[in-house]
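Written below as structure tokens is the structure these notes are about.
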Amino acid sequence: MSYRRTLPLALVACALSTPAAFAGDDDEAGETPQPLNDFFQSDAVFPQDKGEWQVSIGVDFSKNAEHKATELTTGLEYGITDSFQVELEHTPYIRIKPDAEDEESLDGQGNTSLGFQQSWMNIGGSPNSIALGYEHEFATGDQAVIADDDDDPAAGDEVRITFARHLDSNSMASLQLGREFREGGNESFANLAAFQAVGRQVFTGEYNWSKEESWVTPGVFWKPAKGLDVGAAVAFGVGDTDGHRALLRLNYEFD
């Protein structure tokens, strides 16, 4: 069996076999406050509760020296237990508009991914939490728009681990490390993120890094109703990364 297949399978086995090691942590620390469901360009450590659903919709508007792009994403999460959730993501629409007047715009759909996240919150009653995640991306998208958007249309796997520290009940800092495995080559990535909740607003900041690009992403979420988060952010390319992005998010949790 190849390394690319062996590592994800080993992580799945690890996540399924180790929850009992921290079974008493939530009882010691009490219920963990969850001011935030997810960041804009990285994953938060918080899991869905048992039997809880989350529906997500995102729209990204991006511009660089070569083209403008619009991307619509959808997501669904479900809590199998209070610490283990399954995730389904799909990109139903991508539009690429080249800056060159003699080139036509491209429209199509992106790939679909299925994965899980196992979280260990407030380990040993401490302010530290860890989440382990895995996703398999299916090559269901239109190759023309995905390849033009600098993505690999082939199927692939992603593994990630997130270390988080609760600064207080309204703020957290986290570091996420991950790696993508594809036939065309593997790539590592890292996300440094933090949030601060103030009333019904949650202010976020992220530094998103990979070998190909780096972004600084400040944003804010509003909570107009129970279970509902509405967010907006702007991502600025840093270093050799050209362009910027406007990011809109809507997350809704329900039992």
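The values are calculated or read from the model by the stated rules, or taken from the named source; none is laboratory data. Note that the structure is a prediction, hence the values are computed from the model and not measured. For accessibility, only protein heavy atoms count, side chains too; no ligands or nucleic acids. Shrake-Rupley method; radii C 1.70, N 1.55, O 1.52, S 1.80 Å.
Here are the numbers for the structure shown:
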quantity	calculated
Accessible area per residue, Å², segment 52-254 with all protein chains present, probe 1.4 Å	49
Under-5 Å amide H pairs with Tyr93, H placed in peptide plane, nonlocal only	Leu72, Gly110
Residue-by-residue Karplus 3J(HN,Hα) for segment 223-230, coefficients 6.51, -1.76, 1.60, Hz, glycine and proline x	10, x, 8, 4, x, 10, 10, 10
Overall Cα dimensions of segment 59-218 - principal axes, largest extent first, Å	60, 31, 28
